[in-house]
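First up is the structure itself, then whatever we jot down about it.
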Amino acid sequence: MAEKWVLMVTAQTPTNIAVIKYWGKRDENLILPINDSISVTLDPQHLCTTTSVAVSPTFTHDRMWLNGKEISLSGGRYQNCLRELRARASDVEDEEKGIKITKKDWEKLHLHIASYNNFPTAAGLASSAAGFACLVFSLAKLMNVKEDHSKLSAIARQGSGSACRSLYGGFVKWIMGKEENGSDSIAVQLADEKHWDDLVIIIAVVSSRQKETSSTSGMRETVETSMLIEHRAKEVVPRRIIQMEKAIKDLDFPSFARLTCSDSNQFHAVCLDTSPPIFYMNDTSHRIISCVEKWNRFEGTPQVAYTFDAGPNAVLIARNRKAAALLLQRLLFYFPPQSDTDLNSYVIGDKSILQDAGVHNMKDIEALDSPPEIKDSTPMQKYKGDVSYFICTRPGRGPVLLTDETKALLNAETGLPK
Ligand code: DP6
């Protein structure tokens, strides 16, 4: 048989934002954390990774392309994921194409992987989480790995810790586990994306000039030098996990918001307690926190929760559409776009929030009134250009296979990037 065939699978996987943070490992190679964490999966329509994986007897070695550029697969994290998947591969048969791959063949066959993020990688929006989750999910489908999503999450975890939480939609818990081999360090779904339908998420992509410390080295330095981290992992997080699970189950926004904000602030506090200290938030991040805190206090009950990962971007979770529209008015009031910016590219994602906020053009932004909670305080300042853009989104679904061939990133005949 002239073995010229190419077998391909394409999948789409969301990114996620932690509301109880993962920070610190007890095993660097297996990526085992020092505490449980909880995240919200973001709608893949606005933020996701698409990955096509292909196998063919004509491929000479494993290759990967990220956003169109070939990257090396020699890193330990990629190698660990590929090894774990190959060990679990099963027979695959495609009668139509006359393809038969046995379990043993997978050890010798080579793979092509092409991955694309629908958001700028440079924006620092957890691209590795969606990326590794998508790599593992799509390869598991291609290789007929007969394991459930939790087992797959333990493989994605070895690519990047936070990636394990992207195997599910809605609200997800990463259980730290106890086993030395990491077999019980897995993600489980707490509730699906329909459970808390009201929530609206606005991400402020904050302009920043400096290159941040990577999560991997940042958390290593924290574990090595911070005295606070142990207290956080042993005393604080276990209690917060229980409270957060209950808040999500009961759709209790005030508790959800208080826990989310406190946990983000404590994560940044342990970064500051690291030697040398790590600063992920900048002045703009701090101003966004103040804006939300003032408004929440003024209303008497939280309208919005904020959370920040290893960078200055703010992820703001509003209790409902009405609160999201009022939040967007405030954000546009304090952080108006540069005069040469087009509103259409300044607020992206679910633009209906912009309509709800009554903002249709630049004039509407200029006409925004100062929020009532700061009416009497002087002087009032605006920070034009300090936010690059806003993304309006919501909690979303987990990974899916894409059957539409036009969505594939690899050519079905050659297995090379399109
Ligand atoms: C601040 O998952 O990027 O976003 O496991 O070393 O790849 P590695 O780190 P990564 O860390 C994410 C840290 C965080 C908090 C979180 O997502 O829980």
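Each residue in region 354-410 was checked for being under 30 Å from residue 54 (Cβ atoms), surrounded by 11 or more Cβ atoms within 10 Å (Cβ to Cβ) and of a type in the set (D, E, K, R), and 2 of them qualify.
Inside region 22-41, residues that are within 9 Å of the ligand (Cβ to nearest atom) and either in contact with a Ser or Thr (Cβ under 8 Å, 6 or more places away or on another chain) or within 14 Å of residue 233 (Cβ to Cβ) (or both) make up a count of 7. Applying the criterion of being at pLDDT 95 or above and assigned to a loop (DSSP other than H, G, I, E, B) to the residues of region 90-107, the residue that is nearest to residue 140 (Cα to Cα) is 90. Can you find a residue in region 139-155 that is within 13 Å of the ligand (Cβ to nearest atom), farther than 23 Å from residue 408 by Cα and at pLDDT below 95? No. Each residue in region 74-89 was checked for being out of contact with any Leu (no Cβ under 6 Å at 6 or more places or on another chain), assigned to a helix (DSSP H, G or I), touching a residue at least 24 places away in the same chain (Cβ under 8 Å) and more than 15 Å from the ligand (Cβ to nearest atom), and 4 pass. Of 353, 374, all but one fail to be under 23 Å from residue 281 (Cβ atoms), in contact (Cβ under 8 Å) with a residue 40 or more places away in the chain and of a type in the set (Val, Ile, Thr); the exception is 374.
Of all residues in region 33-57, which are within 26 Å of residue 141 (Cβ to Cβ) and not polar (S, T, N, Q)? Passing the criteria: 40, 42, 43, 44, 46, 47, 48, 53, 54, 55, 57.
Residues in region 223-236 that are in a helix (DSSP H, G or I) and in contact with a Ser or Thr (Cβ under 8 Å, 6 or more places away or on another chain): 225, 229. Cβ-Cβ below 6 Å, separation at least six or inter-chain, first residue in region 54-73 and modelled with pLDDT under 95, second of a type in the set (Phe, Trp, Tyr): which pairs? Here the result reads 67/116, each pair linking region 54-73 to a residue that is of a type in the set (Phe, Trp, Tyr).
For region 167-195, what are the residues that are in contact with a helix residue (DSSP H, G or I) (Cβ under 8 Å, 6 or more places away or on another chain), surrounded by 23 or more Cβ atoms within 10 Å (Cβ to Cβ) and under 30 Å from residue 302 (Cα atoms)? Scanning region 167-195 gives 167, 168, 171, 172, 174, 187.
The values are calculated or read from the model by the stated rules, or taken from the named source; none is laboratory data. Treat the numbers as computed from the prediction; the structure is a model and nothing was measured. Methodologically, a virtual Cβ is constructed for each residue, glycine included, from the backbone with ideal geometry; neighbour enumeration extends over all protein chains shown.
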